[in-house]
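A.B. asks: Okay, handing you the structure first.
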Amino acid sequence: MRRAVGSLEGVTGHGPRGPRRLVPNGKTRTDKELIVIPGGGQPNMQQLLQQAQKMQQDLQRAQEELARTEVDGQAGGGLVKATVTGAGELRALKIDPKAVDPEDTETLADLVVAAVQAANENAQALQQQKLGPLAQGLGGGSGIPGLPF
């Protein structure tokens, strides 16, 4: 049997009765004893803080990239096109003259709404693609206000 520093035995691995536990020399192990992690078992707080800062910087960079990236949506077979940023800001709206009927402005309005909605759906998909992995690193669902995932 291996012996560890400080005359503790069974540092790692599995014995015939389950995981080995660190116990002082000469004592028997009981199922109620805690498994002791060498070095006190405390996580490296400095390392955790550095990881959190890196994730925060990565998230900020991704959000800035989203604000610069433009995505399109269209309706009516391309008669109306909307351009929004990855953050959902409407940047442009193009209407083909064929879509303009002075007698039927309601259809044109519907096409505009549909094009903007399509562009926003594309922006949300882009957000999930760019921010989803970062948000998962923060603990699964983002929990970040303003993000739809």
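A.B. asks: Hey, any hits in the stretch 132-145 for a residue that's at pLDDT 90 or above, assigned to a helix (DSSP H, G or I) and of a type in the set (S, T, N, Q)? Spell out how you get there, then give the answer.
C.D. replies: So in the stretch 132-145, the residues at pLDDT 90 or above come out as none.
For the stretch 132-145, residues at pLDDT 90 or above, assigned to a helix (DSSP H, G or I) and of a type in the set (S, T, N, Q): absent.
A.B. asks: Still on this model: Hey, can you tell me all the residues within the stretch 56-83 that are closer than 13 Å to VAL112 by Cα and part of a strand (DSSP E or B)?
C.D. replies: Initial filter on the stretch 56-83 (closer than 13 Å to VAL112 by Cα): 72-83.
The answer is ASP72, GLY73, GLN74, ALA75, VAL80, LYS81, ALA82, THR83.
A.B. asks: Taking ALA62 as meeting all but one of (1) within 15 Å of LYS130 (Cβ to Cβ); (2) in contact with a helix residue (DSSP H, G or I) (Cβ under 8 Å, 6 or more places away or on another chain); (3) free of Cβ contacts under 8 Å to residues at least 24 places away in the same chain, write down the number of the exception.
C.D. replies: Unmet condition: (3).
A.B. asks: Being acidic (Asp, Glu) and loosely packed, with under 15 Cβ neighbours inside 10 Å is the requirement here; does ASP72 meet it? Lay out the reasoning, then the answer.
C.D. replies: On the way: acidic (Asp, Glu): yes; loosely packed, with under 15 Cβ neighbours inside 10 Å: no.
Against the criterion (acidic (Asp, Glu) and loosely packed, with under 15 Cβ neighbours inside 10 Å), ASP72 does not qualify.
The values are calculated or read from the model by the stated rules, or taken from the named source; none is laboratory data. Computed from a predicted model, the values in this text were never measured in an experiment. Here Cβ is always computed from backbone atoms with ideal geometry, including for glycine, and neighbour counts include all displayed protein chains.
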